[in-house]
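Read-outs: derived from the displayed coordinates by stated rules, not from any lab. This is a predicted model, so every value here is computed, not measured. Cβ placement follows ideal geometry from the backbone for every residue including glycine, while neighbour counts extend to all protein chains displayed.
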């Protein structure tokens, strides 16, 4: 088994990123597999990025991997742009993928909106780069959320068409790696909106860089409602803020939402929020402390990135060379 995943290098990471990706990356180290975890800086520049911030964000996300428990001796952590195979294979796959496939990608429509004529070509074609990200490592499994399933299907389509057109079985068809149920973490200010690093309100999220006092303060200020917590999970259906806070408690405590309600059902948020703050601080404050220490040691972060990039180049370069040979390119 070979696993490939990554996080885009834009903005600081938060609790939702930790539960949705970072914690799972660390947990996957128990699998018998090779793991490649990239910082997707090439995907980030499909929209404008300040160059100085992009570099610092790349280092910060690498530090987040480490703080969350990803071991660089077990998993390659590297910037996507440090491995030339990503862009070289992306061009080869641009000549394999079909225009109609990209026209069906809903994320471009969501991100470009009504102003698609002014969007970068990279924003339109980045699913092809994503296919290259996966296939240059001949990754067999990719952990993806619902918003990326369509892109994994495109990757499989690219692999199938390449294999068919050139009469080979060179590329595997990567599969979704199911990582178990995960909480969908919503904004602390709006239970109907995902927790987001682009939200202008810092109180809408728990950043991985927040210290214990800041975390506790944000939890206690989180939007809730006037009712007591229900005793059964279906009582949360029409209460998005309550459902979100119970979900955060359950995800961090490693229990079900019903287990949380068994303890707090019938109690108000005056009793629940302090207990939730204790759970969040207990889990996240040590990660935050490690992260802040790492961010003060860019030399160590760069050492990890260099080591990971060397490993990624070692694996991906022969795949690109063989692909070029199959296509009939000179050299």
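Counting only alpha carbon atoms, the long axis of helix 269-295 and the longest principal axis of the chain meet at about 40°. If you take the Cα centroid of region 243-264 and the Cα centroid of region 273-303, the two points sit 22 Å apart.
Computed FRET efficiency, Cβ-Cβ of residue 289 and residue 226, R0 35 Å: what is it to the nearest 0.05?
0.45
For the chain, relative contact order (Cα pairs under 8 Å, six or more residues apart, normalised by length) works out to 23 percent. Put in order of Cβ neighbour count within 10 Å, fewest first, the listed residues 116, 243 become 116, 243. Compared with the direct C-alpha span, the chain from residue 55 to residue 329 gains 95.2 nm at full extension, assuming 0.36 nm per residue. Full extension of the segment from residue 87 to residue 30, taken as 0.36 nm per residue of separation minus the current Cα-Cα distance, would add 17.4 nm.
Region 196-242 and region 116-141 have Cα centres separated by 34 Å.
Among 60, 314, 233, sorting on how many other beta-carbon atoms sit within 10 Å of each Cβ, with the fewest leading, yields 314, 233, 60. Full extension of the segment from residue 184 to residue 166, taken as 0.36 nm per residue of separation minus the current Cα-Cα distance, would add 2.3 nm. Among 193, 250, 277, the largest mean-square fluctuation in a Gaussian network model of the chain (Cα springs under 10 Å) belongs to 193.
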